[in-house]
1. Are there chymotrypsin sites (Phe, Trp or Tyr not before Pro) in the stretch 137-217 that DSSP marks as loop and that have at most 13 other Cβ atoms within 10 Å, and which are they?
2. Equivalent ellipsoid semi-axes for the stretch 52-144, as square roots of 5 times the alpha carbon gyration tensor eigenvalues: give them largest first, rounded to whole Å.
3. Please give the per residue accessible area of the stretch 68-223, computed with a probe of 1.4 Å over protein heavy atoms only, in Å².
4. Which order, highest average first, do 62-69, 114-121, 198-205 follow once you tally other Cβ atoms within 10 Å for each residue and take the mean per peptide?
5. With a ≥ b ≥ c taken as the square roots of the eigenvalues of the C-alpha gyration tensor of the stretch 97-214, please select rounded if a/c is under 1.5 and otherwise prolate if a/b is larger than b/c or oblate if it is not?
Amino acid sequence: MESFIAELEARRIAELEARRIAELETYLLTTGLKDYNLTADEIKALENFDLYNFQDYTFDEIFDNIHQGRRLKKEDQLPGNIPFVMAGVTNTGVVGNISNPVAMFPKNSITIDIFGNTFYRNYDFGAGDDTGVYWSEGKDYTQKTMLYFAAAMGKSLRNKFSYGKKLRSSQSLKFKMKLPTVNGKIDFESMETFISAIQKLVIKDVVIYADKKIEETKKVVEK
């Protein structure tokens, strides 16, 4: 009887694992991250990165909206479905989902908290007063471009802010980030190709793991 129960438990665990891996597989396919093989252009972008012509661009040259979030104490936060961002790196600064009537910020934005922690947001959200939000209405930047901006902004702010020296978005308008430039214009194509290559390098191990686990769980479940 004990061995029978153990077998049932093992089978149930395998089925749950199969479901979890299948969800991961669906996510990878939906987001276009399933293919981790680098193209010739992506390989070239990685190899030639140090050869790019980088120029400085101020934050307010890139974004026509730069705003600080609003103060909302933890004890005043009401449960809901609005992701609320505060200072910190845990869970990229999302402290929970709220329903308070706070200022909403649009997806395809970048947040920078008082310590300089920088994250890209692909969803609508609210933000506390310890977080600045950067986005553009006049220019339709792609997600890959915004990811590059976030990396460049984060690099320019690294180790410059702390509890003793907090960053506010109003102070950052003339801060500079370095971007690849061709003929005096931002080289968006190279930026997007580079980000695409980095995404594939990062996701490669996840895809290989998912494929391996799918095959293993299939064998167990189909027995």
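1. Loop-located and lightly packed - TYR163.
2. Taking √(5λ) for each Cα gyration eigenvalue gives 25, 14, 12 Å.
3. Here the per-residue accessible area is 57 Å².
4. So the order, starting with the most tightly packed, is 114-121, 62-69, 198-205.
5. oblate
The values are calculated or read from the model by the stated rules, or taken from the named source; none is laboratory data. Predicted, not measured: the structure shown is a model, and the values here were computed from it. Neighbour counts are summed over all protein chains in view; Cβ atoms, including those assigned to glycine, are modelled from backbone coordinates with ideal geometry. Note: accessible area is taken over every heavy atom of the protein model, side chains too, but ligands, DNA and RNA are not part of it. Shrake-Rupley method; radii C 1.70, N 1.55, O 1.52, S 1.80 Å.
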